[in-house]
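Here is the structure we will look at, set down as structure tokens.
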Amino acid sequence: MTSSSDGFTTLVVSAVERDTDDSVIVSFDDDLPFAHGQHLTVRREFDGIEVRRSYSICSAAPDGRLRVAIKHVDGGVFSTWATEQLRPGDLLDVLPPAGHFTHSLETSSTRTYTLLAAGSGITPIFSIAATVLAVEPRALVSLYYLNRTSQSTMLLDELQDLRDRHLGRLSIAYAFTREESGGALLSGRPDRTQLDRLIEAGFLPADSDHAFLCGPLELIADAERALVAAGLPAAAVHREIFTTNQPGRVSLAPQAVTETSVTVATGRATLHGRVTQFDLYEGDSVLDAVQRVRPDAPFSCRSGVCSTCQAVMRDGGVEMAVNYGLSDDEVARGYVLTCQSHPTTPTIDVDYDA
Ligand SMILES: Cc1cc2nc3c(=O)[nH]c(=O)nc-3n(C[C@H](O)[C@H](O)[C@H](O)COP(=O)(O)OP(=O)(O)OC[C@H]3O[C@@H](n4cnc5c(N)ncnc54)[C@H](O)[C@@H]3O)c2cc1C
Ligand code: FES
């Protein structure tokens with residue numbers, strides 16, 4: 001394992017195992033500390049263009065075993081390469097594990113958990129389930145897991161194994177959009193009405209202490225609304241969205257500054273213990289402006305989803321175009337997604353180390 005000054009660490013891939021026809025599990029020789037539900041940002045150059053993607057760690061946090069599972073996306077740059085060409089012994093640059101899709105564990109708790117995963121959204125959910133079952137010996141976990149077909153269901157054997165190891169503490173409802181196996185309630189893509197029925201039938205309990213939901217934006221938003229309407233406190237719902245508007249294989253560099261660029265604000269960024277001044281030009285996000293003077297600024301999706309670019313506003317104001325990565329509580333504490341933030345005051349001060 002080697003680390004570079006821009007915050008990336010180079011890991012050695014120890015194994016690439018086929019999980020389903022279109023997904024692989026990638027394990028690393030090296031360990032990095034992580035919490036259940038967190039993800040790694042990986043980067044790789046394709047034809048000279050840097051691509052960054054997030055992949056959730058799919059191991060129990062107490063194991064410390066670092067691994068991710070990657071599903072092929074049609075036309076996708078990184079996932080196509082990873083599922084077809086990545087081999088043991090290859091090197092991958094990663095940022096330290098990050099993300100807020102996690103919570104504080106309590107060994108003596110008798111808490112109950114509602115988990116919802118769709119497709120590759122199982123990766124952090126698996127980590128959360130395995131960690132909770134290992135660290136909270138009296139906790140109960142209900143998982144609703146939606147896939148196209150049983151063939152395309154990721155981590156299937158591992159989930160069965162987890163259920164066998166924690167008999168009576170993990171219940172799993174497998175649902176399929178293109179297969180009829182568990183009756184009408186577990187078939188088809190669930191709309192709001194079906195989500196209400198799943199709650200009533202106990203497949204998605206709304207009386208749990210925590211709900212962790214991971215999958216496409218629309219499904220997660222519907223499920224959150226349904227659970228809250230059925231009585232689950234909004235603060236108990238944790239969401240992770242995998243769908244991004246990342247633009248594929250295009251340059252991640254900020255816009256070039258020319259003679260006609262108009263300065264709209266100035267800023268100060270604290271990053272890796274060092275303070276740097278920067279100018280913001282019309283059209284810049286805060287990340288664009290910081291990246292111009294600090295190439296080590298952290299980011300991945302650039303579309304307000306992964307929260308890799310988060311920082312705390314120490315002074316001044318910004319407006320976020322979209323925010324799928326931060327909770328209301330984090331926003332109230334001053335966190336912003338710098339890739340989505342545009343200044344509303346002439347000077348701003350952001351702290352990436354907070
Ligand atoms: C926090 C987080 C955790 C995640 N964890 C996982 C995980 O554990 N496992 C997993 O498999 N995935 C995960 N993802 C998704 C992952 O980061 C990638 O988005 C996914 O693998 C697709 O990346 P790609 O490079 O293959 O596809 P991309 O190249 O980004 O393409 C995505 C889609 O956009 C289309 N597209 C590509 N280029 C363009 C373009 N120029 N214009 C228009 N459309 C275009 C493609 O056809 C494709 O359909 C996670 C995402 C987030 C945000
Ligand atoms: S880079 Fe993903 S939210 Fe900003």
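The values are calculated or read from the model by the stated rules, or taken from the named source; none is laboratory data. Quantities reported herein were computed from a predicted structural model and do not represent experimental measurements. For neighbour counting, all protein chains shown are included, and Cβ atoms are generated from backbone atoms with ideal geometry for every residue, glycine included. Accessible surface areas use protein heavy atoms only, side chains included; no ligands, DNA or RNA. Shrake-Rupley method; radii C 1.70, N 1.55, O 1.52, S 1.80 Å.
Does the range 69-85 contain any residue that is assigned to a strand (DSSP E or B), more than 16 Å from ligand 2 (Cβ to nearest atom) and open to solvent by less than 20 Å² (accessible area, probe 1.4 Å)?
yes
Name the pairs whose Cβ atoms lie under 9 Å apart, with the first residue in the range 78-89 and in the same structural domain as Val42 (by TED's automatic domain parsing) and under 21 Å from Asp29 (Cβ atoms), the second within 12 Å of ligand 1 (Cβ to nearest atom) and among the polar types (S, T, N, Q), and 6 or more positions between them or separate chains?
Cβ pairs passing all conditions: Thr83/Ser23.
Looking only at residues that are under 16 Å from Arg18 (Cβ atoms) and of a type in the set (D, E, K, R) in the range 135-163, which one is most open to solvent (accessible area, probe 1.4 Å)?
Asp157
Report, by residue number, each residue of the range 1-20 that is open to solvent by less than 50 Å² (accessible area, probe 1.4 Å) and part of a loop (DSSP other than H, G, I, E, B).
Asp6, Gly7, Phe8
For the range 16-51, name all the residues that are under 17 Å from Ser120 (Cβ atoms) and of a type in the set (D, E, K, R).
Passing the criteria: Glu17, Arg18, Asp19, Asp21, Asp22.
Going through Arg225, Arg189 one at a time, which residue ends up being among the basic types (Lys, Arg), open to solvent by 40 Å² or more (accessible area, probe 1.4 Å) and touching a residue at least 40 places away in the same chain (Cβ under 8 Å)?
Step by step, each of Arg225, Arg189 is checked, and only Arg189 is among the basic types (Lys, Arg), open to solvent by 40 Å² or more (accessible area, probe 1.4 Å) and touching a residue at least 40 places away in the same chain (Cβ under 8 Å).
Is it the case, given these coordinates, that Ala129 is away from ligand 1 (no atom under 14 Å from the Cβ) and surrounded by 20 or more Cβ atoms within 10 Å (Cβ to Cβ)?
Spelling it out, Ala129 is indeed away from ligand 1 (no atom under 14 Å from the Cβ) and surrounded by 20 or more Cβ atoms within 10 Å (Cβ to Cβ).
Restricting attention to the range 54-63, and to residues there that are more than 15 Å from Val13 (Cβ to Cβ) and open to solvent by 20 Å² or more (accessible area, probe 1.4 Å), which single residue is nearest to ligand 1 (Cβ to nearest atom)?
Ser54
Filter the range 256-308 for residues that are in a loop (DSSP other than H, G, I, E, B), away from ligand 1 (no atom under 16 Å from the Cβ), open to solvent by 10 Å² or more (accessible area, probe 1.4 Å) and of a type in the set (S, T, N, Q) and give the result.
Passing the criteria: Thr258, Thr260, Ser261.
Away from ligand 1 (no atom under 14 Å from the Cβ), among the polar types (S, T, N, Q) and either surrounded by fewer than 21 Cβ atoms within 10 Å (Cβ to Cβ) or on the phi < 0 side of the Ramachandran plot (or both): is that true of Thr102 in this structure?
no
Answer yes or no as to whether Ala117 is surrounded by 14 or more Cβ atoms within 10 Å (Cβ to Cβ), out of contact with any His (no Cβ under 8 Å at 6 or more places or on another chain) and not assigned by TED's automatic domain parsing to the domain that holds Ser59.
yes
If I filter the range 327-348 for residues that are free of Cβ contacts under 8 Å to residues at least 40 places away in the same chain, open to solvent by 60 Å² or more (accessible area, probe 1.4 Å) and within 12 Å of ligand 2 (Cβ to nearest atom), do I get at least one hit?
Checking the range 327-348: not a single residue is free of Cβ contacts under 8 Å to residues at least 40 places away in the same chain, open to solvent by 60 Å² or more (accessible area, probe 1.4 Å) and within 12 Å of ligand 2 (Cβ to nearest atom).
Is it true that some residue in the range 7-29 is within 16 Å of ligand 2 (Cβ to nearest atom) and either out of contact with any strand residue (DSSP E or B) (no Cβ under 9 Å at 6 or more places or on another chain) or not aromatic (Phe, Trp, Tyr) (or both)?
Yes: the range 7-29 contains one or more residues that are within 16 Å of ligand 2 (Cβ to nearest atom) and either out of contact with any strand residue (DSSP E or B) (no Cβ under 9 Å at 6 or more places or on another chain) or not aromatic (Phe, Trp, Tyr) (or both).
Working only within the range 309-318, note down all residues that are part of a loop (DSSP other than H, G, I, E, B) and more than 16 Å from ligand 1 (Cβ to nearest atom).
Answer for the range 309-318, where residues must be part of a loop (DSSP other than H, G, I, E, B) and more than 16 Å from ligand 1 (Cβ to nearest atom): Gly316, Gly317.
Could you figure out which of (1) closer than 25 Å to Glu240 by Cα; (2) within 16 Å of ligand 2 (Cβ to nearest atom); (3) modelled with pLDDT under 95 isn't true of Pro295?
Unmet for Pro295, out of (1) closer than 25 Å to Glu240 by Cα; (2) within 16 Å of ligand 2 (Cβ to nearest atom); (3) modelled with pLDDT under 95: (1).
Of everything in the range 228-244 that's part of a strand (DSSP E or B) and away from ligand 2 (no atom under 16 Å from the Cβ), which residue is most open to solvent (accessible area, probe 1.4 Å)?
Looking at residues that are part of a strand (DSSP E or B) and away from ligand 2 (no atom under 16 Å from the Cβ), I get His238.
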